[in-house]
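The values are calculated or read from the model by the stated rules, or taken from the named source; none is laboratory data. Not measured: the values here are computed from a predicted model. Glycine gets a Cβ as well: all are built from the backbone with ideal geometry, and neighbour counts include every protein chain shown.
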Amino acid sequence: MAGVGDQPAAALPPAAREALLHYVQVGSLQDEGAVLDAARHLPLDRVECLWEPYLLLAARVREAMGLPGLTVEQTVPFRDKERMKQRLDAAGIRTPWHATTTTAAGVRELAARIGYPVIVKPIAGAGSADTYRIDDDAGLEAALPLLAHVPEVSVEEFVDGEEFTYDTVCAGGRILFENISWYRPRPLIGRLNEWISQQIVALRDLDAEDLAGGRAMGRAVLAALGFQDGFTHMEWYRKADGEVVFGEIGARPPGARSVDTMNHACDADLYSGWAEALVRGRIDQDLTRRYNAAAVYKRAQGQGRIVAVDGLSRLLAEYGDGVVAVDLAAPGEPRRDWQASVIGDGRVVVRHPDLATTLEMADRFATELHLYAA
Ligand SMILES: Nc1ncnc2c1ncn2[C@@H]1O[C@H](COP(=O)(O)OP(=O)(O)OP(=O)(O)O)[C@@H](O)[C@H]1O
Ligand SMILES: [Mg+2]
């Protein structure tokens with residue numbers, strides 16, 4: 001494997017450094033010319049990228065070098081949320097009512113046309129940044145100044161319901177691996193309330209009846225976008241009446257170390273599985289889903305440095321090998337920015353074949369494990 005990055009080779013995590021045969025450092029990954037130049041000097045057969053902001057760059061490198069995989073034109077519907085939904089509307093997929101605008105007056109007009117509540121968000125956002133649920137005119141006027149720096153926004157019907165992912169690894173347009181994760185609570189709510197320990201639960205039983213609609217929608221979305229090879233991460237909503245609504249899709253794995261959570265659900269390695277899919281067109285691993293695996297993300301209370309972790313030893317003693325990952329900021333480390341990443345001050349992953357038991361364990365870690373900073 002070969003890498004192009006903006007860090008010195010010595011600063012790469014050991015696992016990445018050891019896996020690379022070649023590494024070229026560029027001044028900035030935003031310097032497209034420098035990246036193309038670096039790539040031309042590497043023996044490349046495929047170009048993959050797991051970070052949303054550089055998916056178009058990866059596509060440009062592929063095009064410049066005549067490599068297989070998503071072109072720029074094929075990548076745009078995965079990046080631009082309006083183009084994405086237009087394509088899916090044309091394929092008959094249920095998306096939230098939506099339109100875009102570049103002005104404050106435009107937002108007011110669309111909100112009036114759609115009716116509150118509405119969602120306003122950047123057309124090419126990530127990490128729920130600059131995303132607002134707006135319930136009335138006063139809320140709209142309060143949000144507009146916060147959106148002034150966003151060049152173009154999408155205004156959408158607010159879809160009330162539960163929120164899930166639909167993730168895949170594909171080769172040659174065939175789905176080799178599927179995952180559905182359940183967000184507890186919805187990401188926007190988790191993102192706005194610091195006291196919440198967000199959970200992302202990779203579900204064991206994808207054949208459950210209440211997931212069938214979302215799973216079928218996920219397959220239809222991949223077909224509509226003509227996705228062929230690699231990882232995908234889609235989000236969808238299920239309303240109280242059972243209707244499923246498309247949220248968004250990325251041509252990359254999910255973030256927040258959710259691939260690790262999927263690995264815990266299957267006892268597999270989907271990072272190498274992704275590579276196998278690209279290189280051989282198949283995954284030679286047992287991908288049977290044996291567990292529900294729940295990642296619980298923690299935020300410390302207080303500011304400054306972590307001074308104490310409370311409740312961990314008791315919960316570990318109680319749940320034993322049901323706890324498969326504990327990756328928390330250690331005492332002495334500075335608190336991380338909880339608004340900048342889902343992971344925040346760390347995560348715990350628990351798993352169990354039974355969903356109710358998994359959720360019970362996850363909720364105990366959400367409510368009884370505390371990190372304190374001072
Ligand atoms: N139309 C909608 N109806 C209801 N909730 C919505 C809608 N659009 C967005 N949201 C909420 O806002 C969150 C962020 O929106 P979205 O996923 O489109 O943006 P994002 O910034 O790409 O998110 P991320 O990178 O965190 O997945 C969603 O997970 C959902 O909770
Ligand atoms: Mg999202």
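Points worth noting:
- Hey, Ile123 modelled with pLDDT of 95 or more and assigned by TED's automatic domain parsing to the domain that holds Pro151 or not: no
Residues checked against (1) within 12 Å of ligand 1 (Cβ to nearest atom); (2) in a helix (DSSP H, G or I); (3) within 21 Å of the chain's Cα centre (by Cα):
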residue: Lys121; (1), (2), (3): yes, no, yes
residue: Gly125; (1), (2), (3): yes, no, yes
residue: Asp130; (1), (2), (3): yes, no, yes
residue: Thr165; (1), (2), (3): yes, no, yes
residue: Leu188; (1), (2), (3): yes, yes, yes
residue: Leu206; (1), (2), (3): no, no, yes
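- Hits in region 40-73 - residues which are within 21 Å of Leu222 (Cα to Cα) and in contact with a strand residue (DSSP E or B) (Cβ under 8 Å, 6 or more places away or on another chain): Glu48, Leu50, Glu52, Leu55, Gly69, Leu70
- Taken over region 178-207, the criterion of being of a type in the set (A, V, I, L, M, F, W, C), surrounded by fewer than 18 Cβ atoms within 10 Å (Cβ to Cβ) and over 19 Å from Leu369 (Cβ atoms) is satisfied by Leu188, Ile189, Leu192, Leu206.
- Restricting attention to region 296-326, the residues that are surrounded by 15 or more Cβ atoms within 10 Å (Cβ to Cβ), of a type outside the set (A, V, I, L, M, F, W, C) and without any contact (Cβ under 8 Å) to a residue 40 or more places away in the chain add up to 1.
- Qualifying residue in region 97-108 (condition: part of a helix (DSSP H, G or I), among the charged types (D, E, K, R) and modelled with pLDDT under 95): no
- For Val245, the conditions (1) among the hydrophobic types (A, V, I, L, M, F, W, C); (2) within 13 Å of ligand 1 (Cβ to nearest atom); (3) under 22 Å from Ala294 (Cβ atoms) are fulfilled apart from (3).
- Counting the residues of region 64-91 that are of a type in the set (Asp, Glu) and either in contact with a helix residue (DSSP H, G or I) (Cβ under 6 Å, 6 or more places away or on another chain) or touching a residue at least 12 places away in the same chain (Cβ under 8 Å) (or both) gives 2.
- Test for Thr131: is it among the polar types (S, T, N, Q) and more than 15 Å from ligand 2 (Cβ to nearest atom): no
- Residue that is modelled with the lowest pLDDT [pool: residues in region 337-362 that are of a type in the set (D, E, K, R) and surrounded by fewer than 16 Cβ atoms within 10 Å (Cβ to Cβ)]: Asp337
- Some residue of region 23-35 being part of a helix (DSSP H, G or I), hydrophobic (A, V, I, L, M, F, W, C), modelled with pLDDT of 95 or more and surrounded by 15 or more Cβ atoms within 10 Å (Cβ to Cβ): yes
- The set of residues from region 71-114 being within 19 Å of the chain's Cα centre (by Cα), under 15 Å from Phe227 (Cβ atoms) and crowded, with 20+ Cβ neighbours inside 10 Å comprises Thr75, Pro77, Phe78, Met84.
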